[in-house]
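Below is one structure; the comments refer to it alone.
Read the figures in this text as sums done on the coordinates, not as results from a lab. Every value quoted in this text rests on a predicted model; they were computed, and no experiment measured them. All Cβ positions, even for glycine, are placed from backbone atoms using ideal geometry, and neighbour counts span all protein chains on display.
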Amino acid sequence: MLIDRLLELTEMANGEADVRLNSVIVHETETGYAQCFREDAINPRMGLIALDDIKFSEAIRNAWPDPELFDKLKRGERFANPLRV
């Protein structure tokens with residue numbers, strides 16, 4: 001849900017098209033990982049995920065280049081990809 005919202009609000013600048021989330025992989029150990037597909041995240045049987053239910057600690061938010069990023073995301077503010085990275 002979080003990535004879908006971010007992609008929805010991002011103005012692409014380098015010819016990107018049809019960018020979407022397929023899955024997320026979290027490496028838990030040196031040899032093990034967990035993978036969640038987009039279909040899992042939007043499946044009502046798995047439980048609905050609302051942006052307002054997601055919480056980040058102040059320490060995590062302060063580590064971001066823009067500590068207000070998540071609030072902007074929830075307000076629906078648009079983001080522009082840089083022309084160069």
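Test of the criteria: in segment 12-85, which trypsin sites (Lys or Arg not before Pro) are in a DSSP loop and have at most 15 other Cβ atoms within 10 angstrom of their Cβ?
Numbers: sites: R20, R38, R45, K55, R61, K72, K74, R75, R78, R84; in loops: R20, K55, R78, R84.
Loop-located and lightly packed - R20, K55, R78, R84.
Stretching D71 away from A17 to a fully extended chain increases their span by 16.9 nm, per 0.36 nm per residue minus the current alpha-carbon distance.
For every helix of n ≥ 4 consecutive DSSP H residues, a contribution of -39,500 (n - 2.57) applies; sum these over the chain, divide by its total residues, and give [θ] at 222 nm rounded to the nearest 500 deg cm²/dmol.
Working: 4 runs with 25 residues, N = 85.
Theoretical 222 nm ellipticity from helices: -7000 deg cm²/dmol.
Legend: ranking of residues V24, V85, V19 from fewest to most surrounding C-beta atoms inside 10 Å; resulting order V85, V19, V24. Using a Gaussian network model of the chain in which every pair of alpha carbons under 10 angstrom is joined by a spring, one finds that among F70, F37, F56 the greatest mean-square fluctuation is at F56.
Which GluC sites (Glu not before Pro) from segment 12-51 combine a DSSP loop assignment with at most 13 other Cβ atoms within 10 Å? Don't skip to the answer; put the middle values down first.
Working: sites: E16, E28, E30, E39; in loops: E16, E28, E30.
Answer in residue order: E16, E28, E30.
The gain in end-to-end length when the L51 to R84 segment is fully stretched comes to 8.9 nm, 0.36 nm per residue minus the alpha carbon separation. GNM on the chain, alpha-carbon springs under 10 angstrom: the most fluctuating residue among E58, E11, E68 is E58.
Basic side chains Lys and Arg get +1 at the Cβ, acidic Asp and Glu get -1 at the Cβ, and with that the dipole of the chain about its Cα centre reaches some 140 debye.
If you take the square roots of the eigenvalues of the alpha-carbon gyration tensor of the chain and sort them as a ≥ b ≥ c, do you get rounded (a/c under 1.5), prolate (a/b over b/c) or oblate?
On the way: a/c = 1.39, a/b = 1.26, b/c = 1.10.
Judged from the Cα gyration tensor, the chain comes out rounded (a/c under 1.5).
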